[in-house]
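Participant: Please read through the structure below; I'll follow up with questions.
The values are calculated or read from the model by the stated rules, or taken from the named source; none is laboratory data. Because the structure is predicted, anything quoted here is derived from the model rather than measured. Here the Cβ is made from the backbone with ideal geometry for all residues, glycine too, and neighbour counts use every protein chain on show. In case anyone asks, the SASA skips ligands and DNA or RNA and just uses the protein heavy atoms, side chains included. Shrake-Rupley method; radii C 1.70, N 1.55, O 1.52, S 1.80 Å.
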Amino acid sequence: MNDLPNLSLTKMDQMSLFHPVSSIHDVQQNGPQIYTSAQGVEVTRDTGQTLLDMGAGLWCVNVGYGRTELVQAGAEAMQQLSFQHFFGGASAEPTIRLADRLLGLFRDTVSGSDMARVFFGNSGSDANDTAVKLVTYYNNLRGKPAKKKIISRKGSYHGLTLASGSLTGINGYHTAFDLPMKGILHTSCPHYFAFGQDGESEAAFTDRLITEVEDMIASEGADTVAAFIAEPIMGTGGVLLPPEGYFAKLQEVLDRHDILLIADEVITGFGRTGQWFGCGTYGLRPDIVSLAKGLTSAYFPMSASIISNRMWEVFASASEKMGAVMHGFTYSGHPVGAAIALANLEVIETEGMVENSAKLGPVLLDALRDATKGNAHVGDVRGAGLMAGVEFAGFPAGSAPHKIVAKHATAAGVLTRALPFMPVTSFSPPLCVTEAEISEAANRYAKALAAATPELE
Ligand code: PLP
């Protein structure tokens, strides 16, 4: 047993914890950053410093920290039925109600959607693994066993399990893990600001990318391509908004080749873009929607996969022959998670947080534009709803100016995220954020930028 009672927490952390997505060297050298409490949009460290969390954790604490409604819903659900599995047709009320609520929300807010059922899991990564498996299952059941490949995009982030990590289109996550696995393809990143060519209009950029997708389908053979996965707005890739006309043109190509669209709404779901779902914001018509994060505002690890009618009909009609669908997890549909998710949706709805995201999105962008105005190192400020990015430009490939600024920002009392694909700092505050908090965060960021500028020269 590792019994380390007399060590500081820092030392104990360094000697016992394997941090996800962290540099072992950094943690050993500089120690962890230990957080002790949080309320609203503010988090507190063991040093006593309070910071405005402009990342909402990892884009996930949509209703903000410390909401007693969610805490109570969880406590009551735990008292009533602390666990129920859903294997073999077992079920429980909160989960039934949550599935019904999600289908209703999606139908009401995403026009042209035709969704049939909800499958629950534990994380965004496993929701995307579920998507990969269900796409495979679907094509096997309908007699198209060669139709298995999935097209993803460079710069995308879909998780870090074997399948979802393969879908992720950022090389850093693949290195030394032998990813991506076979059958996952990556097409170009739809980021006009960085990858548009000289003199190329945004519409022409879109057309070039769509032609590339068509060419990829043609060279692989449409009968081997099962699905295309896309985040409505690419988050970890750099808050990359789709270029003009992108999804309408993509959808047309996919429809023509009988290729399913998987919408990864793990970040964009539940109000982040100013509508309930990014599919509504950008007119996507997916066959599978992956949800997590904002589903419970991260008060409980839970994911959901919403499945279209055309997929469901294939599953249902093969059911007698196939027997049970042999996919699922111990915690699929966890009743405590479902009760928390229901309370979370209630808070989002009754407090108008989706509307707040739509209303304060432009306020956030203006504040960031003001904070970065005249700084020669900042190339672009963009966003939708309460999801914004500041992109640095003019640096040699591989340098990380945004990481330097993010360090200064932490010291100045504002948490932002320095992203791994483009030199972008992201801002995705809890959806309960106020105008005053945005303005304070932007002021702190401006100070951090000023403090960092000598290091950027
Ligand atoms: N999909 C997207 C768009 C994400 O941003 C993330 C996480 O950041 C995931 C999937 C993976 O979610 P998780 O970390 O819960 O596995």
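Participant: Please find, within segment 298-342, the residue that is surrounded by the fewest Cβ atoms within 10 Å (Cβ to Cβ) out of those that are within 15 Å of the ligand (Cβ to nearest atom) and aromatic (Phe, Trp, Tyr).
Facilitator: Ranking the candidates gives PHE329 first.
Participant: Here is a follow-up. When only residues in segment 167-181 that are small (Gly, Ala, Ser) and part of a loop (DSSP other than H, G, I, E, B) count, which is farthest from ALA397 (Cα to Cα)?
Facilitator: Filtering segment 167-181 down to residues small (Gly, Ala, Ser) leaves 169, 172, 176.
Within this subset, residues satisfying the condition of being part of a loop (DSSP other than H, G, I, E, B) are 169, 176.
Values: GLY169: 18, ALA176: 21 Å.
The qualifying residue farthest from ALA397 (Cα to Cα) is ALA176.
Participant: Right, here's the next one. In this structure, is PHE87 within 25 Å of the chain's Cα centre (by Cα) and of a type outside the set (Ser, Thr, Tyr)?
Facilitator: Judged against the criteria, PHE87 is not a match.
Participant: From LEU295, LEU284, LEU241, LEU291, grab the single residue that is within 27 Å of PRO429 (Cα to Cα), open to solvent by 20 Å² or more (accessible area, probe 1.4 Å) and touching a strand residue (DSSP E or B) at 6+ places or on another chain (Cβ under 8 Å). Break it down into steps so the answer makes sense when it comes.
Facilitator: Values: LEU295 fails: open to solvent by 20 Å² or more (accessible area, probe 1.4 Å); LEU284 fails: open to solvent by 20 Å² or more (accessible area, probe 1.4 Å); LEU291 fails: open to solvent by 20 Å² or more (accessible area, probe 1.4 Å).
After ruling out the rest, the residue left standing is LEU241.
Participant: Related question: When ALA411 is evaluated against the numbered criteria (1) under 19 Å from TRP59 (Cα atoms); (2) assigned to a helix (DSSP H, G or I), which criterion, by number, is the only one it fails?
Facilitator: For ALA411, the failing item is (1).
Participant: Mind counting the residues in segment 350-365 that are out of contact with any helix residue (DSSP H, G or I) (no Cβ under 8 Å at 6 or more places or on another chain), within 21 Å of GLU391 (Cβ to Cβ) and open to solvent by 10 Å² or more (accessible area, probe 1.4 Å)?
Facilitator: Number satisfying all stated conditions: 2.
Participant: At least 2 residues that are within 16 Å of the ligand (Cβ to nearest atom) in each: list the helices (runs of 4 or more DSSP H) lying fully within segment 6-125 that qualify. Give the derivation first.
Facilitator: Values: elements: 9-16, 24-30, 56-59, 68-80, 93-109.
Fully inside segment 6-125 and qualifying: 56-59.
Participant: With the condition kept exactly as written, say whether any residue in segment 149-157 is aromatic (Phe, Trp, Tyr) and outside any loop (DSSP other than H, G, I, E, B). I'd like the intermediate steps shown before the answer.
Facilitator: Start the filter on segment 149-157 by keeping residues that are aromatic (Phe, Trp, Tyr), which leaves 157.
Filter again for outside any loop (DSSP other than H, G, I, E, B), leaving none.
Within segment 149-157 (the criterion being aromatic (Phe, Trp, Tyr) and outside any loop (DSSP other than H, G, I, E, B)), the answer is no, since none of the residues qualifies.
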